[in-house]
Amino acid sequence: MSYKGYLGCHSKVSKEDQEFYDLKNKAADYYRSNGVPEKIEGVLNEMFFQKPNDIYGYLANYFTRFSCTPVISKITGREVYDGRGLTAIQANVHCIIRDEEKMVCSAVMGGLYDSLSEGIAESRETVCNSDQQQLSVTTALNWIREHLSPMLQGFNPTDQTNLDKLLSDFFMARYLEDKKRCETEQEENKSETVSEAPAQAPPAPASNKDKKGGDKGKKGNSTEKPLPPAEPPVPRLPGAIAVGVVSLAVAKTATRLIGAPLYTHITSIRVQQASNKIYLPMPMITILSCGKNSLGKLNLLDEVILLPTSSQRVRQVIGLSLELHREMRRILNGSGCKAGPVGISEEGSLQVGFERPEQALDLVTEACANLKLPLGSDLRLAINCAAQCLMDYSRGRYEVMSGCHKSPDELVDLYEGLIHKYPSITALIDPFRKEDVEQWERLASVIGQSCCLIADEGSNPCPQWGDAKPLPQGVTRVIFRHHGDMTISELIRRFADKSDTETILAAGSAETGDTSIVDLAVGLGSFFLKMGGLRGGERMDKYNRLMAIEQELEQEGILGAREINLVKPAAVTS
């Protein structure tokens, strides 16, 4: 525009006209510097020839390609409840997308103490752990609001590795602060105890009778082999769950922005694959529970798990498990079956009160025979013994049945007898405490050719708390869990460290509606996925997600097949 449009002969330029003229020039320079006129001209010409039905949708899609990369604007958190009514945490990731702030994705995780409340409900320990979990969730919400949200503002959510490093560094700083505070408090308490303790006279020399009695007692104790003490509980820093849930929420946000499934995103972070094949973990489905929480005398069989082979599809395995559940129900309702109360466990499986392990295994065998299911070939059994929950430390023995205690050596013989009688058992999970190293080795040498030993690393502290404890000799598989204090990058690294061991990923005992555990298992290349039984909406959502991924991979022609050897030589260690 020129001044001619505003000026007459011998007229002067008004201040308003000059300001308007300068403003238009600035606008033109602004649009030209960003290439707007060329882009508008190009899309208008292109759209004229294509004549789309949705003109404005076409324009929106065209200009979206030129928009800035979405970045995190803030992260919010709120308290929710899991499937058992315990407190959990939900993290929401907000991003600036096309110059607007939007809540893109969220993730939910149970508290750090969800697996510690096993046992009798309303017990003092359960109440204590519930209080600790509430403290953990409350602290996590404060961390997200005051620290993590400002720290991650402006960060690209697709840069998972660098983002997780920020989270890990923040976590370690908080851990070291807490550790230093605890050490200071211990030193202060120790000093106060010493200063307040009354002076004591030196002990009188023992008489010959006392010495003789003391020696006699010492001799008597030396005849018994001492029980290895239990490992101290894993330290849990309140609020640490914020690290895991934010890391997961950001990973889910990245997949939403790039338009790809979460398992594809995890796979791309984990390895640079030469092949485009993706392998599906086989589901380990709990079909029976006869552990300490059941109303029968039997404690040893915490879970009886159906272990399929790689030749079967997920939908087929789930269908077989549902048929088996119904047939076992029918047998239990019959007049000839002697069983205690029947119900559904918190893990979603059939819970029966039996007195002996043979009763439970006979029930499964009979039901499979009635349905003509190939138990022992295409279908195997795994037994989760959960032995760490059965130790009676006052006796130094495992209470395998109410009133029936077995020493660690006697338990080896019991397992050997069961596997000889029921050869379809091809895996034992946590048959001993991890402290009973000799018994792990002995059992592996006895049954290692026909049955593998699996250890649950749930009780091992993650490397952020220190070096992970080695697993016992004879372990051929490891169960991992995505703890709340573990980033996605840390979980990937831990899986990579176990390359010589077939890995299993397990869902936590605190069930939520978040199905991310399934995508994580697929993306990590886990051989098996343990999610409990086929009851409960939150749990079935995960099984449905696994079937959906299987269908997607089949349709795209990238579903890989791999042979999984159920038993490895006992020499393989963690």
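The values are calculated or read from the model by the stated rules, or taken from the named source; none is laboratory data. These numbers were taken from a predicted model, which means no experiment stands behind them. Counting neighbours? That spans all protein chains shown, and the Cβs are built from the backbone with ideal geometry, glycine included. In case anyone asks, the SASA skips ligands and DNA or RNA and just uses the protein heavy atoms, side chains included. Shrake-Rupley method; radii C 1.70, N 1.55, O 1.52, S 1.80 Å.
Structure above, values below:
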read-out	value
Given (1) touching a strand residue (DSSP E or B) at 6+ places or on another chain (Cβ under 7 Å); (2) open to solvent by less than 30 Å² (accessible area, probe 1.4 Å); (3) not β-branched (V, I, T), number of the condition Q439 does not satisfy	(1)
Residue in the range 446-486 that is modelled with the highest pLDDT, counting only those that are surrounded by 18 or more Cβ atoms within 10 Å (Cβ to Cβ) and among the small types (G, A, S)	A455
Number of positions in the range 66-92 that are closer than 18 Å to R256 by Cβ and without any contact (Cβ under 8 Å) to a residue 60 or more places away in the chain	2
Flag if D392 is open to solvent by 70 Å² or more (accessible area, probe 1.4 Å) and under 17 Å from L301 (Cα atoms)	no
Selection within the range 47-98 - under 30 Å from D514 (Cβ atoms) and of a type in the set (D, E, K, R)	K74, R78, E79, D82, R84, R98
Selection from the range 142-161 of residues that are assigned to a helix (DSSP H, G or I), in contact with a helix residue (DSSP H, G or I) (Cβ under 9 Å, 6 or more places away or on another chain) and open to solvent by 50 Å² or more (accessible area, probe 1.4 Å)	N142, H147, M151, T161
Matching residues, the range 257-273, being of a type outside the set (G, A, S), more than 21 Å from the chain's Cα centre (by Cα) and within 19 Å of T69 (Cα to Cα)	L257, I258
Residue within the range 104-112 that is open to solvent by 30 Å² or more (accessible area, probe 1.4 Å), at pLDDT 90 or above and out of contact with any Asp or Glu (no Cβ under 9 Å at 6 or more places or on another chain) present	no
Hits in the range 331-362 (condition: at pLDDT below 90 and either in contact with a helix residue (DSSP H, G or I) (Cβ under 7 Å, 6 or more places away or on another chain) or among the basic types (K, R) (or both))	C337, K338, A339, V342, G348
Flag for S73 being outside any helix (DSSP H, G or I) and more than 33 Å from the chain's Cα centre (by Cα)	no
Any hit, the range 393-404, residues being small (G, A, S) and over 21 Å from P226 (Cα atoms)	yes
Residue under evaluation Q90, criteria (1) farther than 19 Å from L141 by Cβ; (2) under 19 Å from the mean Cα position of the chain (by Cα); (3) not in a loop (DSSP other than H, G, I, E, B), criterion not met	(1)
Out of E502, E563, sole residue that is buried (at least 16 other Cβ atoms within 10 Å of the Cβ) and either among the aliphatic types (A, V, I, L, M) or at pLDDT below 80 (or both)	E502
Enumeration of residues in the range 67-101 that are open to solvent by 30 Å² or more (accessible area, probe 1.4 Å) and β-branched (V, I, T)	T69, V71, T76, I96
The range 487-499, subset assigned to a helix (DSSP H, G or I) and small (G, A, S), residue modelled with the lowest pLDDT	A496
Residue within the range 310-330 that is at pLDDT below 90 and either touching a Cys at 6+ places or on another chain (Cβ under 6 Å) or not in a loop (DSSP other than H, G, I, E, B) (or both) present	no
Selection within the range 28-52 - within 18 Å of R65 (Cβ to Cβ) and among the aliphatic types (A, V, I, L, M)	V36, I40, V43, L44, M47
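Residues checked against (1) of a type in the set (F, W, Y); (2) touching a strand residue (DSSP E or B) at 6+ places or on another chain (Cβ under 6 Å); (3) buried (at least 16 other Cβ atoms within 10 Å of the Cβ):
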position	(1), (2), (3)
Q316	no, no, no
S321	no, yes, yes
R329	no, no, no
G334	no, no, no
V342	no, yes, yes
L350	no, yes, yes
G353	no, no, yes
Q359	no, no, yes
L371	no, no, no
